[in-house]
Amino acid sequence: MDLTALIDPSGPPRRYVITGGPSAGKEALLVELAARAIPATEGEPAREIYRAHRERLGRHLQVGDRREYSREVLAAFVQEYAAHKHGLRFYNRGIPDGYGWDAFFGLSPYPELEEAARIYRYDAVFVLDPLDSFAAEDDLVFAQDREIRRVHELIVQGYYDTGYRPIFIPADDPAKRVEQILANVSAPTA
């Protein structure tokens, strides 16, 4: 595969989402994309917004805090989408992720989320299948295994509900996952 033709920074914007539930391996995959000089989100905007909320509140988010948090994440995703003007880019999560996270916390979709999901469309969505083992510095992830799988399912449903046909990427090492993703992305046509 000719990676130069695939990336082509002078072409029209092409947007691809990398998503999945917590501990699906998104961070390792994005590191692999960066190592190959493939344009992608740096960090995870939703995680940074969460940390800012937690620091300000002095506690984890509760259901009553979720709508404000969701709106801030949506604004960050829309800003990243709108700033991308040319060539290929991979996104660490996409706007429809909000449907899954909000559903997990018992919240229904809100008008701004529904409007953004209609306006800001991605070329394809790649869902990383959950990894068989969860690596964490503490046992919190293991205690939440059932919740992690539920969030994953709700995120996937959010993409179906907004008209996408996700492409599922099996659990594997990041380099192999990147190869599977790139095999499903075509270079722009002249």
Residues with amide H under 5 Å from that of Ala40, placed H, sequence gap 5 or more: Phe90
Phi-based couplings in Hz for the stretch 31-47 (Karplus 6.51, -1.76, 1.60; Gly and Pro marked x): 5, 5, 4, 4, 5, 9, 6, 9, x, 7, 4, 9, x, 9, x, 4, 5
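Percent of accessible area on the chain owned by carbon and sulfur, 1.4 Å probe? Show your work: numbers first, answer last.
Working: 5270 of 10140 Å².
Accessible surface attributable to carbon and sulfur in the chain totals 52 percent.
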11 Å cut-off, amide nitrogen to a point 7 angstrom out along Ala82 Cα→Cβ, residues in the stretch 19-39: none
Cβ-Cβ FRET estimate between Glu68 and Gln157, R0 fixed at 22 Å, reported to 0.05: 0.40
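Subtract the Cα-Cα distance of Glu179 and Ala75 from 0.36 nm times their separation in residues, and report this length gain in nm to one decimal. Don't skip to the answer; put the middle values down first.
Details: separation 104, 0.36 × 104 = 37.44 nm, distance 3.07 nm.
Residue separation times 0.36 nm, minus the Cα-Cα distance, leaves 34.4 nm.
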Per residue solvent-accessible surface (Å²) - the stretch 82-125, probe of 1.4 Å: 43
Other-chain or far-sequence residues with amide H under 5 Å of Ile167's (modelled H): Val125, Phe126, Val127
Accessible surface of Thr41 - all protein chains present, 1.4 Å probe, nearest 10 Å²: 10
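Below 11 angstrom from the Cβ of Tyr99, what's the summed charge of the other residues (Lys, Arg +1; Asp, Glu -1)?
Values: positive: none; negative: Asp97, Asp102, Glu114, Asp161.
Once positives and negatives cancel, what remains is -4.
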Accessible area (Å², 1.4 Å probe, nearest 10) - Arg177: 10
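Using 0.36 nm per residue of separation minus the Cα-Cα distance, give me the extension gain between His60 and Thr4 in nm, one decimal. Present the calculation step by step, with values, prior to reporting the outcome.
On the way: separation 56, 0.36 × 56 = 20.16 nm, distance 4.32 nm.
In short, 15.8 nm is gained.
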Charged-residue dipole, Cβ positions (Lys, Arg, Asp, Glu), the chain about Cα centre, Debye nearest 20: 460
Cut-off under 5 Å, modelled amide H: who pairs with His86 long-range: none
Accessible surface of Lys176 - all protein chains present, 1.4 Å probe, nearest 10 Å²: 110
Calculated FRET value between Arg149 and Asp172, using beta carbons and R₀ = 22 Å, to 0.05: 0.75
Given the chain, longest segment not containing exposed loop GluC sites (Glu not before Pro) (DSSP; at most 13 other Cβ within 10 Å): 43-136
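Would you list Phe168, Phe105 from the most to the least accessible area, probe 1.4 Å? List each step's numbers first, then the result.
Details: Phe168 85, Phe105 55 Å².
Per-residue accessible area, sorted high to low, gives Phe168, Phe105.
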Shape of the stretch 1-153, Cα gyration tensor, a/c cut at 1.5: oblate
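The values are calculated or read from the model by the stated rules, or taken from the named source; none is laboratory data. Quantities reported herein were computed from a predicted structural model and do not represent experimental measurements. Cβ atoms come from the backbone with ideal geometry, glycine included; neighbour counts cover every protein chain shown. Quick note on the areas: whole protein, heavy atoms, side chains included, nothing else; ligands and nucleic acids left out. Shrake-Rupley method; radii C 1.70, N 1.55, O 1.52, S 1.80 Å.
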